[in-house]
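The values are calculated or read from the model by the stated rules, or taken from the named source; none is laboratory data. These numbers come from a predicted model, not from an experiment. Neighbour counts run over all protein chains shown; Cβ positions are idealised from the backbone, glycine included. Accessible surface is based on the protein model in full, side chains and every heavy atom, while ligands, DNA and RNA are left aside. Shrake-Rupley method; radii C 1.70, N 1.55, O 1.52, S 1.80 Å.
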Amino acid sequence: MASQVNPPRGMRDFLPTEKAQRERVLAVIRHSFTERGFDEIETPVMEDSDRLHAGLGGDNEKLAFGVMKRGLTADDLKTATEPLDLADLGLRFDLTVPLARFYASHRGELPTVFRAIQMAPVWRAERPQKGRYRQFIQCDIDIIGEAGTMAEIELITATVATLDALGLEGTSIRVNDRRLLTSALELLGFPPKEHEPVLITIDKLDKIGQGGVITELRDRGFPAGPVDALEAFFHRPTTMEFLPFGEAAIRKFLPDGVDETAVAELASIGETVNRVIGRDIVTFDPWLVRGMGYYTGAIFEVAHPTESYSLGGGGRYDGMIGRFLGTDVPAAGFSLGFERIVDLVELDGNSGTDAVALVHDADVDPATLLREQARLVGEGKRVRLERKPRNLKPLLEQLEASGFSAYAFVTADGGRGEFKALG
């Protein structure tokens, strides 16, 4: 018996009905973003290895798939001190690093404020699990060239409108600001060089809890004073008083003396979005970190009441493009996790095109079939040719499952019967 042949671990095949559903969801996302003034671009699936490992992608750089140089010799293999010495290219692990390189390459051809859409696969050497794959699609929108909070407001409102168009109810947007995180750590006594490694541990708060965070920080050898201060801050007395999103609500959850500019800007973003959307969809999360090391300001994630993981996220990354261009350019983006969203969305399988099948005898003239197909296509129908089997029932069930609405028989003399409804 032949062995089962599966796709590579962490990657998937999609049957026609699955592929059609994915394309319907992508079409809704693309339409929603496009009608809000974003333009779609395309970048190569690979980038230079040095660019992918420039310290901009956080822990995701460790998950990048490398592509070995051509023409490697045995001596090359012997002298390499680490695997990356053998690679000159790599598969992109997100769409933000390629976008930064794209903008640096084409800045003179783009508008002053550029609104980009990218909807494409990326690759990471993840440990496969529910909602995490080694090949997956990201749906990104980015605004480059807008330094004010209008960029974040526009990105969040466009994303919320897209989630609404997909019929996803109950979503909320959790927001924070990297400047608030770093200033809070500084007030607690952590020196700047320790901020990033401390944030890596704090980012696990929803998985290991406050006690787990403190234990890990102690185990990793961080100074006792700041860790004690963080533990005391975790356990400080708090009230359950509800405060509408704004500066007072943000300050309630942070040490006194945090970055005032960040507080004001974050409050402005959330208050404006809530007012535009017409409901309190933005909430403040004082320990939202976002793992990418390139964020410089506001950060945000999509939460859904039925899922423990986020459905997307993003933030401001003003320093990235300057690494490629030599001149800093303000930038912010929002990425939807397509693979997680598509499993939650139920869209009508009717594409708006009447799909019919011509079920024909084996001896029907091919030219006759193709002329009839062309005539029906000209009427706006989708037409599939199917040879009539001995047992018709399985074929009709398969056609109905594939979204076809009717079928008709074509006989050897070229005659076509009336269409019969499926189902």
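The table for this structure:
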| quantity | calculated |
| --- | --- |
| Share of Cα-Cα pairs in the chain lying beyond 41 Å, as whole percent | 31 |
| Accessible area in the full protein assembly, largest first, 1.4 Å probe, for ASP48, ASP219 | ASP219, ASP48 |
| Shape box of segment 355-423 [Cα atoms, principal axes, largest first, Å] | 30, 28, 16 |
| Rounded to the nearest 20 debye, dipole of segment 328-423 from Cβ charges on Lys, Arg, Asp, Glu | 360 |
| Area of ILE200 that stays accessible when all protein chains are in place (1.4 Å probe, Å², to 10) | 80 |
| Those aspartates and glutamates that a straight Cα-Cα span of less than 19 Å connects to LYS207, excepting residues fewer than 8 apart in one chain | ASP59, GLU126, GLU196, GLU216, ASP219, GLU231, ASP285, GLU301, GLU307 |
| Over the chain: helical MRE at 222 nm, DSSP H runs n ≥ 4 each giving -39500 (n - 2.57), nearest 500 | -11000 deg cm²/dmol |
| Rounded to 10°, Cα long-axis angle of helix 366-378 versus longest principal axis of the chain | 50 |
| Charge-dipole axis of segment 179-330 as Lys and Arg at +1 and Asp and Glu at -1 on Cβ define it, positive-most pick from THR296, SER308, PRO223 | SER308 |
| Selection from ILE202, ILE341, GLY270, by position along the positive dipole direction of the chain (Cβ) | ILE341 |
| Of all accessible heavy-atom area on segment 342-423, the percent that carbon and sulfur account for (1.4 Å) | 47 |
| With Cα atoms, 0 to 90° folded angle of helix 260-277 axis to the chain main axis | 30 |
| For segment 1-89: accessible area per residue (Å², 1.4 Å) | 70 |
| Nearest-20 debye value, the chain charge dipole, Cβ charges on Lys, Arg, Asp, Glu | 1100 |
| Most mobile listed residue (ARG290, ARG124, ARG251) in the chain, GNM with C-alpha springs under 10 Å | ARG251 |
| Unsatisfied cross-links (Cα-Cα over 31 Å) in the set LYS69/LYS193; LYS204/LYS252; LYS19/LYS420; LYS19/LYS388 | LYS69/LYS193 |
| Residue-normalised accessible area of segment 194-347, given per residue in Å² at a 1.4 Å probe | 45 |
| Ranked order, LYS207, LYS69 - accessible area, probe 1.4 Å, largest first | LYS207, LYS69 |
| Local net charge near TRP123, Cβ-Cβ under 11 Å (Lys/Arg +1, Asp/Glu -1) | +1 |
| Residue with peak Gaussian network fluctuation, the chain [Cα springs, cutoff 10 Å], from ASP94, ASP39, ASP363 | ASP363 |
| In degrees, nearest ten, helix 224-234 long axis to first principal axis of the chain (Cα) | 60 |
| Within-14-Å neighbourhood charge of GLY148 [Cβ basis; K, R +1; D, E -1] | -4 |
| Segment 148-236: translational diffusion in µm²/s, Stokes-Einstein, Kirkwood Rh over Cα pairs, 4 °C, 1.567 mPa s | 85 |
